[in-house]
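To start, the structure itself, in structure tokens.
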Amino acid sequence: ASEPLGEAARACLAKAQSLELKVVLELPAKPGKKHEGWLKSLAAAAASVRCVRGVALMSVGDPSEASGLTAALRNGGLSQERCAIFLPLPGSDVVDEEGEWSDPFRKLMRSEPPSSSLGPLLLDGNL
């Protein structure tokens with residue numbers, strides 16, 4: 001496979017690093033195995049470039065489905081300590097009329113001990 005960053009992106013990142021800038025990569029990844037593999041390769045290539053401090057995944061339609069993409073970035077070498085992952089917020093209010101989490105936000109913040117299933121915001125401390 002070809003270099004996931006590409007020559008132009010690698011040159012830009014090298015320049016940013018030489019200027020001591022902090023970079024957030026905006027990537028068009030969507031949930032699914034195809035993009036997870038690509039993200040893991042890209043994260044492995046970007047891990048050696050210390051100026052990469054975040055990744056924005058703005059093409060994710062439902063943030064509760066981003067756990068595979070998040071895992072790919074983390075497994076590729078962009079750790080929680082170093083690299084924030086930005087996801088779009090669900091297109092609704094945070095709370096309903098009764099002051100409870102709205103359904104989309106409940107999915108993000110869920111914690112179900114019997115099944116040990118956690119929402120994406122609780123699985124990764126830097127989302």
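Only the coordinates and a few stated rules stand behind these numbers; no lab work does. Since this is a predicted model, take the numbers as computed values, not measurements.
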Revision key, fill the gap. Projected convex hull area of segment 1-66, Cα atoms, direction-averaged, in nm², equals 4.6
**Study point:** Contour minus Cα-Cα distance for D62 and D93 (0.36 nm per residue)
**Key:** 9.7 nm
Review point. If amide H atoms are built 1.01 Å from N in the plane of the peptide, which residues on other chains or at least 5 residues away come under 5 Å of the amide H of V23?
Key: V52, R53, G54
Check your understanding: What full-extension length gain, to one decimal in nm, is calculated for S79 and E7 as 0.36 nm per residue of separation minus the Cα-Cα distance?
Key -> 23.6 nm
**Study point:** Mean projected area in nm² (Cα convex hull; one quarter of hull surface) for segment 1-114
**Key:** 9.0
